[in-house]
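Take a look at the structure below.
The values are calculated or read from the model by the stated rules, or taken from the named source; none is laboratory data. What you see is a predicted model, and the numbers here were worked out from it, not measured in a lab. Neighbour counts run over all protein chains shown; Cβ positions are idealised from the backbone, glycine included.
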Amino acid sequence: MSINSTDPLIGRLIDGRYQVRSRIARGGMATVYLATDLRLERRVAIKVMHGHLADDSNYRARFIQEARSAARLAHPNVVNVYDQGQDGETAYLVMEYLPGITLRDLLQEHQVLTTVQAMDIMEAILSGLAAAHKNGIVHRDLKPENVLLADDGRIKIGDFGLARAASANTATGNALLGTIAYLSPELVTRGIADARSDIYAVGIMLYEMLAGEQPFRGEQAFQIANQHANDTVPTPSTKNPRVPAELDELVLWATARDPEQRPRDARAMLEQLHETEAILRDGEPSTATSAQRTVVMPTAAASSPGATAETQVIAARARHRTGPILAESAQALAVKSDKRRSRGWWLFGLVILVAALAGGTGWYFGAGPGAHLTIPSVAGASQADATSTLTKLGLKVSPTAGSAYSPTVAKGTVAQTTPAIGTSVVRDSTITLLLSNGPQPRPISKFTGLTQSAAIAQIKGEHFTYDAKKSTNQFDPSAPLDTVIQALGVDGTDLATVTTYGDQQAIHLVVSAGPLPAVSGMSVSDATAALKSVNVTATAGKQDYSDTIKSGLVIGVDTPLDSSGKAIPIHPGDSVNLVVSQGPEPVPVPDVIGQVWSTAKQALTAAGFQIKFKNGTSQGLANSFPNVATVKSIDPGVGSTVLHGSTVTVTLSASG
């Protein structure tokens, strides 16, 4: 039993009654949890349908069908169903909890089972299946994963998710819903399932238990399906010589390609299994050629006085006559002999004719033009590869390909076929490949300025997909918190610049985290704390001069630039460097001695100095004759180093 503490259902109370404890298993349609029924104070298994399937009416109906099918069965070899319901968006099914393993687990551990083990398990499977067939239910997905072996020795069939009424035997659309390794030929070729289809799956499981492997193998599902449709299941003794001939015959009977040649239902096969057990237990011949059958004699009370009233099992014995032998003439015997001989040849000819017809019919529907094939999935393959796959299977491919939009298949590869992938068709049928045009273009709205939740709702409403993993937050002083700054496509395209976008394609958002905290003038420790409050890590970085920020205080955040000189955005979780002030910058006093005042003034101002005059005469000359008066002296003197923004004193004189 696996426990996944990150599963949101673990710990939840479903429908006010079922407390979910841990996860047991996960399948393609649902997840099974261990839960406690608080009302009855007992452990149960609760099967919860996957959320992404809950909106599909077909899957939901199939899930409910499982509850109804299993609830109709009350048998020791069928998993009991207690309850079924809906809690908000959670569709669930409450079942009997059986701690233990599955038959698949047992086969993985031991690979080959003994004859006794295999027959014990088959007896339980067939008993439960017989109850289902008696109630008009066909399981349609029998496999070792659905046979539960409880710790207390009980064996039960579960997972009636594909079960349906035995009369509903034209399920073409759902023909391949079961596991491919256990599908009967009629399910593969015609999509038809009845009680005999379950028998075929049981026969495959019996083969697997005795031989240690499945009878048919292939790299792709359609290869296995093709073998089921066209090949005969071998005897398990070819892989395991210890298997008795009686069980070989039982496997061949159950897995006959023609449903008419199989047991009519699980009850018929169960009765034969009991006979086979009796033969093996009593030590009768086990050769495949033995044609003797067990003969059940009437009770002694019905035959002769004094005999015991027990059923007697005897083998075939030699006949003998107790009365007189009637004499017959040689001529009469010759006539009878001739009649028997002629009748024998006639019967022999009839047998040959029937065999030829059967063989021809089998060839026509099995390997000939009348054989039904299932179009395999060639989605995503190149036109050449798909053509090769279909041709090798016995189908023809139209030289002219069609086209179709596909949100998932790359442009130029096969998106679909006509008839559709998964359809059963006659051998040599012509298939048209539909090449993908990529996703169908759809009109797209603008998302900039919307709140994040409104943008996500709009993305889904317009049949696009929101990509939460690639969506980011960034600090922006011009965009309010939680508003969309930018919406981007799968290739990074700014979607504000386009009017259409591909159906179901991903969109990720850049959302504002508001402005960064203002840290100018703070100490390094205060600035670090302020940025940490918005999940930004700060460290003291380079130092710079500042006329306004005292030495040791923070001037601001060092914002990196991209190759084009544009500031790179900062996101929550980033690390930044702080620019720390060194105070004003030391600069040398420029040499302006002898320059006219208008020129000297520009040089001093550009160097960042404040200016005052030595006396009123200099002030007057500066105001009245800026282009005539010249600099006589400056304090501090030329070449002196002073802080940027310092004041220098200037003395002017009249020129000439």
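Observations on the structure shown:
- So THR374, is it buried (at least 17 other Cβ atoms within 10 Å of the Cβ), out of contact with any strand residue (DSSP E or B) (no Cβ under 9 Å at 6 or more places or on another chain) and more than 29 Å from ALA506 (Cβ to Cβ): no
- Residue in segment 587-598 that is assigned to a strand (DSSP E or B), surrounded by 13 or more Cβ atoms within 10 Å (Cβ to Cβ) and of a type in the set (Val, Ile, Thr) present: yes
- When PRO560, PRO584 are checked against the criterion of being loosely packed, with under 13 Cβ neighbours inside 10 Å and out of contact with any helix residue (DSSP H, G or I) (no Cβ under 7 Å at 6 or more places or on another chain), PRO560 stands alone in meeting it.
- Applying the criterion of being hydrophobic (A, V, I, L, M, F, W, C) and under 12 Å from ALA201 (Cα atoms) to the residues of segment 133-146, the residue that is surrounded by the fewest Cβ atoms within 10 Å (Cβ to Cβ) is LEU142.
- Pairs meeting the criteria (first residue in segment 111-139 and touching a residue at least 40 places away in the same chain (Cβ under 8 Å) and under 28 Å from GLY191 (Cα atoms), second residue hydroxyl-bearing (Ser, Thr, Tyr) and in a helix (DSSP H, G or I), beta carbons under 6 Å, at least 6 apart or on different chains) are ILE137/SER69.
- Test: residue in segment 594-603 that is touching a Gly at 6+ places or on another chain (Cβ under 9 Å) and more than 29 Å from SER546 (Cβ to Cβ): no
- Residue in segment 215-227 that is part of a loop (DSSP other than H, G, I, E, B), in contact with a helix residue (DSSP H, G or I) (Cβ under 6 Å, 6 or more places away or on another chain), under 25 Å from LEU103 (Cα atoms) and modelled with pLDDT of 90 or more present: yes
- Selection of segment 461-502 for residues being surrounded by 17 or more Cβ atoms within 10 Å (Cβ to Cβ) and among the small types (Gly, Ala, Ser) yields SER471, ALA479, ALA487, GLY489, GLY502.
- All positions within segment 430-450 that are among the polar types (S, T, N, Q), in contact with a strand residue (DSSP E or B) (Cβ under 6 Å, 6 or more places away or on another chain) and surrounded by fewer than 18 Cβ atoms within 10 Å (Cβ to Cβ): THR430, THR432, ASN437, THR448
- Checklist (1) part of a loop (DSSP other than H, G, I, E, B); (2) modelled with pLDDT of 90 or more applied to LEU390, failing item: (1)
- Qualifying residues in segment 11-45 (those that are under 21 Å from the mean Cα position of the chain (by Cα) and among the hydrophobic types (A, V, I, L, M, F, W, C)) - the one modelled with the highest pLDDT: VAL32
- Apart from one condition, VAL32 fits all of (1) in a strand (DSSP E or B); (2) touching a Ser or Thr at 6+ places or on another chain (Cβ under 8 Å); the exception is (2).
- If you go through segment 491-523 and keep only what is touching a Lys or Arg at 6+ places or on another chain (Cβ under 9 Å), over 14 Å from LYS446 (Cα atoms) and either outside any loop (DSSP other than H, G, I, E, B) or among the hydrophobic types (A, V, I, L, M, F, W, C) (or both), you end up with GLY502, ALA506.
- Search result, residues across segment 560-576 that are under 17 Å from PRO515 (Cα atoms) and not aliphatic (A, V, I, L, M): PRO560, PRO569, HIS571, PRO572, GLY573, ASP574, SER575
- Within segment 228-256, residues that are in a loop (DSSP other than H, G, I, E, B) sit with their Cβ atoms under 6 Å from residues that are of a type in the set (Asp, Glu), at 6+ positions apart or across chains, in these pairs: THR235/ASP248.
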